[in-house]
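Undergrad: To start, I am sharing the structure in question, which I have written as structure tokens.
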Amino acid sequence: MRMRAEGADTPGSAVLRKTAWRLIPLLGVLYFFAFLDRVNVGFAALTMNADLGLSSAAFGLGAGIFFIGYTAFEIPSNVLLERFGARVWIARIMLSWGVLSAAMAFVQGPTSFYVVRFLLGVAEAGFFPGIIYYLTCWFPARDRARIIALFMIALPLSSVIGAPISTALLGIQAAGLHGWQWMFLLEAIPTIVLGFAVLWLLPDRPGDVAWLTRKEKVWLGSQLAIDATEHGEHTHSLKQALLLPRVWRYGLVYFCVLVGLYGFSFWLPQIIASLGTLNNLQVGAVTTIPYALACVALVLWGRHSDATGERVWHVALPPMLAALALAAGGWLTAPVAAFGGLCLAAIGIYAGLPAFWALASRGLQGAAAAGAIALINSLGNIGGFLGPFAIGMVKERTGSFTLSMLFIASCLAVGAGIVVWERVHEQRAVGLLGKVS
């Protein structure tokens, strides 16, 4: 029987609340700066492209090439995290990506831009899937969507807070550096500081902490043990987990979603700038609105998924909404109407992510979970390369974002369709097994 933790004041719910309060704020701050350091290049482009002589295609390639390095080192990084522990490995990731994020201030042209972006991807590889795997070691599957939602709110929140800060920093001219250079330098400092802080603040496992009693640790361990067996798909082998067909299908779903997410995120400041005659500060302020709405939708939709116990439609409906909004918005000429489409697209792109990871990580534990989550994220982040690059190429050839929006809308719609197909496929397989038995 399914027992809800959030509504009743039970020993179990108290353990989950205590654990969430201890871990999620820190993890959220880490993810905030991870995503800010990844996408602040979109704000830098407002002035950097002209300073470096970057075309739309060159910027799109540089923005997306991050994901080539990220994808190539994703699985090894996550396996090493499982082996060495989250505390040490997350600290290593943050320190290396903080240094390389600061190095973005010193790129001189397309070639150095591509090289530093690629190395930044290599440095950050394993961070996000490592955190998702880490959460599976602390929270039962039935409560995972709302927990992941609380963690992932940092994703759109990094743009809500980061957009006005980043665009304000573009106005700095000091010590012979442009504003975009100061932006990269100043926004890298918190990441480096947090990298050292993680060594003292982040516990590896429930058994390592003093803030849970022995009874609470036993309860939490029993709930996680149930997760390891109740779905019948748990495998102790990393190799077997990497060969599961559903893992590859969820990787394809995530690929489709991230084509939309990163195409949208990297280009949104320039898309908004194209709607009118806004200055950089105004673009930064307006950019916060879609992401603020996405923050609210992400948390509420994740909570609703846990409350109902339903995952599939909570994953499929949001990207379908985003696809419709982008397809319609690409043809709207009125700035207010087009901006409304962008707001709906942001809600749809982000809202389904917590339910997706709760669905994709079910029934996996240990090294198998670390590897499978990393594989899904690796396949997905190939879309992180394709989205920005495709938009840049189409924008350069057509002079507008209309066809680009249709492209990422179609990818989001395909992703939603695969999720529904996967559900039908699983139900059919269960039905056949029932007939055989």
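Undergrad: Mind listing whichever residues of the range 194-240 are of a type in the set (S, T, N, Q), surrounded by 13 or more Cβ atoms within 10 Å (Cβ to Cβ) and either part of a loop (DSSP other than H, G, I, E, B) or modelled with pLDDT of 90 or more (or both)?
TA: Thr235
Undergrad: List the number of the failed condition for Ala72; all other conditions in (1) over 19 Å from Leu375 (Cβ atoms); (2) surrounded by fewer than 24 Cβ atoms within 10 Å (Cβ to Cβ); (3) of a type in the set (A, V, I, L, M) hold.
TA: (1)
Undergrad: Looking at the range 266-307, which of the residues that are β-branched (Val, Ile, Thr) and in contact with a helix residue (DSSP H, G or I) (Cβ under 8 Å, 6 or more places away or on another chain) is farthest from Leu386 (Cα to Cα)?
TA: Let us first name the residues in the range 266-307 that are β-branched (Val, Ile, Thr), namely 271-272, 277, 283, 286-289, 296, 299.
Checking the rest, the ones that are also in contact with a helix residue (DSSP H, G or I) (Cβ under 8 Å, 6 or more places away or on another chain) come to 271-272, 283, 286-289, 299.
Working: Ile271: 18, Ile272: 21, Val283: 25, Val286: 26, Thr287: 22, Thr288: 24, Ile289: 25, Val299: 28 Å.
Of everything passing the filter in the range 266-307, Val299 is farthest from Leu386 (Cα to Cα).
Undergrad: Can you confirm whether Ser96 is modelled with pLDDT under 90 and of a type in the set (Ser, Thr, Tyr)? First the steps, then the outcome.
TA: Values: modelled with pLDDT under 90: no; of a type in the set (Ser, Thr, Tyr): yes.
Judged against the criteria, Ser96 is not a match.
Undergrad: Related question: Which residues, taken from the range 261-317, are over 28 Å from Lys395 (Cβ atoms), part of a loop (DSSP other than H, G, I, E, B) and either in contact (Cβ under 8 Å) with a residue 24 or more places away in the chain or in contact with a Pro (Cβ under 7 Å, 6 or more places away or on another chain) (or both)?
TA: Once the filter is applied, which keeps residues that are over 28 Å from Lys395 (Cβ atoms), part of a loop (DSSP other than H, G, I, E, B) and either in contact (Cβ under 8 Å) with a residue 24 or more places away in the chain or in contact with a Pro (Cβ under 7 Å, 6 or more places away or on another chain) (or both), the range 261-317 yields Gly309, Arg311.
Undergrad: Residues that are more than 16 Å from the chain's Cα centre (by Cα), at pLDDT 90 or above and in a helix (DSSP H, G or I): does the range 27-37 have at least one? Let's see the steps before the verdict.
TA: Taking the range 27-37 and keeping what is more than 16 Å from the chain's Cα centre (by Cα), we get none.
Within the range 27-37 (the criterion being more than 16 Å from the chain's Cα centre (by Cα), at pLDDT 90 or above and in a helix (DSSP H, G or I)), the answer is no, since none of the residues qualifies.
Undergrad: Can you tell me which residues in the range 366-406 are surrounded by fewer than 19 Cβ atoms within 10 Å (Cβ to Cβ) and at pLDDT 85 or above?
TA: Leu406 - this is the single residue of the range 366-406 that is surrounded by fewer than 19 Cβ atoms within 10 Å (Cβ to Cβ) and at pLDDT 85 or above.
Undergrad: Still on this model: Mind counting the residues in the range 119-134 that are of a type in the set (A, V, I, L, M), buried (at least 22 other Cβ atoms within 10 Å of the Cβ) and either at pLDDT below 85 or part of a helix (DSSP H, G or I) (or both)?
TA: Taking the range 119-134 first, the residues of a type in the set (A, V, I, L, M) are 119-120, 122-123, 125, 131-132.
Imposing the further condition that a residue be buried (at least 22 other Cβ atoms within 10 Å of the Cβ) reduces the set to 120, 123, 125, 131-132.
Filter again for either at pLDDT below 85 or part of a helix (DSSP H, G or I) (or both), leaving 120, 123, 131-132.
Counting residues in the range 119-134 that are of a type in the set (A, V, I, L, M), buried (at least 22 other Cβ atoms within 10 Å of the Cβ) and either at pLDDT below 85 or part of a helix (DSSP H, G or I) (or both) gives 4.
Undergrad: For the range 296-328, how many residues meet the condition of being more than 23 Å from Val424 (Cα to Cα) and crowded, with 24+ Cβ neighbours inside 10 Å?
TA: 2
Undergrad: Any residue in the range 169-188 that is surrounded by fewer than 16 Cβ atoms within 10 Å (Cβ to Cβ) and assigned to a helix (DSSP H, G or I)?
TA: Yes.
Undergrad: Also, quick follow-up: Return the pairs, sorted by first residue and then second, in which the second residue is of a type in the set (D, E, K, R) and not in a helix (DSSP H, G or I), the first residue lies in the range 34-57 and is under 16 Å from Pro164 (Cα atoms), the beta carbons are less than 6 Å apart, and the residues are 6+ apart or on different chains.
TA: none
Undergrad: Give me a count of the residues in the range 248-270 that are aliphatic (A, V, I, L, M) and surrounded by fewer than 23 Cβ atoms within 10 Å (Cβ to Cβ).
TA: Taking the range 248-270 and keeping what is aliphatic (A, V, I, L, M), we get 252-253, 257-259, 261, 268.
Those left that are additionally surrounded by fewer than 23 Cβ atoms within 10 Å (Cβ to Cβ): 252.
Number of matching residues: 1.
Undergrad: Name the residue, out of Gly302, Gly284, that is farther than 30 Å from Asn49 by Cα and either in contact with a strand residue (DSSP E or B) (Cβ under 6 Å, 6 or more places away or on another chain) or of a type in the set (Gly, Ala, Ser) (or both).
TA: Checking each option against the conditions leaves just Gly302.
Undergrad: What are the residues in the range 149-164 that are under 14 Å from Phe35 (Cα atoms) and surrounded by fewer than 21 Cβ atoms within 10 Å (Cβ to Cβ), if any? Break it down into steps so the answer makes sense when it comes.
TA: Start the filter on the range 149-164 by keeping residues that are under 14 Å from Phe35 (Cα atoms), which leaves 151-163.
Residues satisfying the conditions are Val160, Ile161.
The values are calculated or read from the model by the stated rules, or taken from the named source; none is laboratory data. Note that the coordinates shown come from a computational prediction; the quantities given were computed from them, not determined experimentally. Cβ sites come from the backbone with ideal geometry, for glycine too, and all protein chains shown count toward neighbours.
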